[in-house]
Amino acid sequence: MTKVAVSGYYGFNNFGDEAILSVIVNKLKFLNADITVFSSNPKFTKKNYGVKAVKTFDFFNVFLTIVQSDVLISGGGSLLQDVTSSKSILYYCFVIFLAILFRKKVIIFAQGIGPINKKVNQKVVSFLLKRCSYVSVRDDNSFKLLKSWGINSELVCDPIYSVAIPKVPSSGSVGIQLRDYKTMNYNLLTKLAEQIVIEFSDRKIEIFSFQNSIDLDLCKKFEGILKALNPDIDTEVIPAKPLKDTIERLASLDYLIAMRFHAILVALMAGIKTCAISYDIKVDKIADEAKIPVISMDAKENFQEIFNELQNLKNEDLIKYAKTKSFNWENFEKFF
């Protein structure tokens, strides 16, 4: 039985990262691996995934786990970037370094690399990735960046395309998924709320938080704006829930207007008519590929035209697009 350590942004109850972890764990269990996850909340991770877990910054047990493992998986997600902070990129690099030092196989799994602004961080990441056993990235920019550094990598689609989407009855609701971000502004929230009141006052509006520490207050604020415009509108703020529950709730919607990449991705897989709110280039890219409408953070678009485009989407076209994406496990499986 291959012993595997998994390093990533896990245990924070963030929908996208937890969905990625579920994909990794399901695959490793199929391959009969012995799995230990580095998690900020080991009890949560053990309970939800049926694996062993140690606390992310419990360096003694992280060290011990790596020494006793055969393989380290780093990812997925955007771990190797220093926009959030240098602390996080140095932590993930340190974990990779330990695995390389003790001659373990290291898999960089479906990561988005960068932005890495500091030269020293660029050099550290380049040095480490050149010594990894297998590197896969989830976007063209990461692939081109590593190629410019002389690092061979495989370009793969997002692993969430491996998640099974259940068929559930339609609730008839309209979903709004927001996240707080540095470019979030009252103008965007107000224009969005005004158009929702015009188009969807007769429907329930479900406002999704995908990570309560970041999203929940903003979701409540948006609900307040909707209620100020129409006190009778039916709304519900939905705090972050277990992965399965969230996917089922998304799959039951008639429409979704979303910021987070993985909310959009799951909705497309379920054939939900979707509009993206673009706070990041990865959102622009999936919206362009899937041919769905996009609202920018400065909200300069004609919202009536955007909502007309949203309502004219065809569910079968969205599912057809999602089915063009298939995660390639072939090179990953060679290590087990």
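Miscellaneous remarks
- Largest-first principal axis extents of the Cα set of the stretch 271-336 (Å): 52, 27, 13
- Size of electric dipole in the stretch 161-307: Cβ of Lys, Arg +1 and of Asp, Glu -1, about Cα centre, debye, nearest 20: 340
- Spin-label model, K47 to F127: label points 7 Å out along the Cα-to-beta-carbon direction sit 4.1 nm apart.
- Simple Cβ-charge dipole of the stretch 53-136, Lys/Arg +1 and Asp/Glu -1, about Cα centre, in debye nearest 20: 280
- Rg and Dmax, both from the Cα atoms of the stretch 119-273 and both in Å, are 19.5, 60.
- When the chain is described by a simple charge dipole with +1 on each Lys and Arg Cβ and -1 on each Asp and Glu Cβ, the residue from P239, Q68, C93 located farthest towards its positive end is Q68.
- Relative contact order of the stretch 67-175, pairs being alpha-carbon contacts under 8 Å that are 6 or more residues apart, as %: 24
- Accessible area (Å², per residue) of the chain, counting only protein heavy atoms and a probe of 1.4 Å: 45
- Anisotropy class of the stretch 152-205 from Cα gyration tensor, a/c 1.5 cut: oblate
- Dipole-positive endmost among S40, V83, I272 within the chain (Cβ charges, Cα centre): S40
- Projection of the Cα convex hull of the stretch 77-190, averaged over all directions and equal to a quarter of that hull's surface, yields 10.3 nm².
- Mean sequence separation of contacting Cα pairs (under 8 Å, at least six apart), scaled by the length of the stretch 240-309, corresponds to a relative contact order of 22 percent.
- For the chain, the relative contact order comes to 14 percent (Cα pairs under 8 Å, sequence separation of at least 6).
- With a Förster radius of 30 Å applied to the beta-carbon distance between E330 and F102, the computed FRET efficiency rounds to 0.65.
- Applied to the stretch 70-81, the Karplus parametrisation 6.51 cos²θ - 1.76 cosθ + 1.60 on θ = phi - 60° returns per-residue 3J(HN,Hα) values of 9, 9, 10, 10, 10, x, x, x, 10, 7, 9, 8 Hz, with x for Gly and Pro.
- For peptides 32-40, 288-296, sequence by mean Cβ density within 10 Å, most packed first: 32-40, 288-296
- Distance from the stretch 1-44 to the stretch 95-139 (C-alpha centre basis), Å: 18
- As a fraction of the 1.4 Å probe accessible area of the chain, surface on carbon and sulfur atoms comes out at 52 percent.
- Cβ-derived FRET efficiency at R0 25 Å, E248 paired with A228, nearest 0.05: 0.25
- Across K27/K323; K43/K285; K87/K227; K119/K244, pairs whose alpha-carbon gap is larger than 31 Å: K43/K285; K87/K227; K119/K244
- All distinct Cα pairs of the chain go into the 1/r average, and the inverse of that average, the Kirkwood radius, is 20.8 Å.
- Enclosing the Cα atoms of the stretch 51-117 in their convex hull gives a volume equal to 93 cubic angstrom per residue.
- The dipole here belongs to the chain: it is taken about the Cα centre, uses +1 on the Cβ of Lys and Arg and -1 on the Cβ of Asp and Glu, and is about 1640 debye.
- Helix 212-229 and the longest principal axis of the C-alpha atoms of the chain enclose an angle of approximately 10°.
The values are calculated or read from the model by the stated rules, or taken from the named source; none is laboratory data. As the structure is a prediction and not an experimental result, all values here were calculated from the model. Neighbour counts are summed over all protein chains in view; Cβ atoms, including those assigned to glycine, are modelled from backbone coordinates with ideal geometry. Side chains included, ligands, DNA and RNA excluded: accessible areas come from the protein's heavy atoms. Shrake-Rupley method; radii C 1.70, N 1.55, O 1.52, S 1.80 Å.
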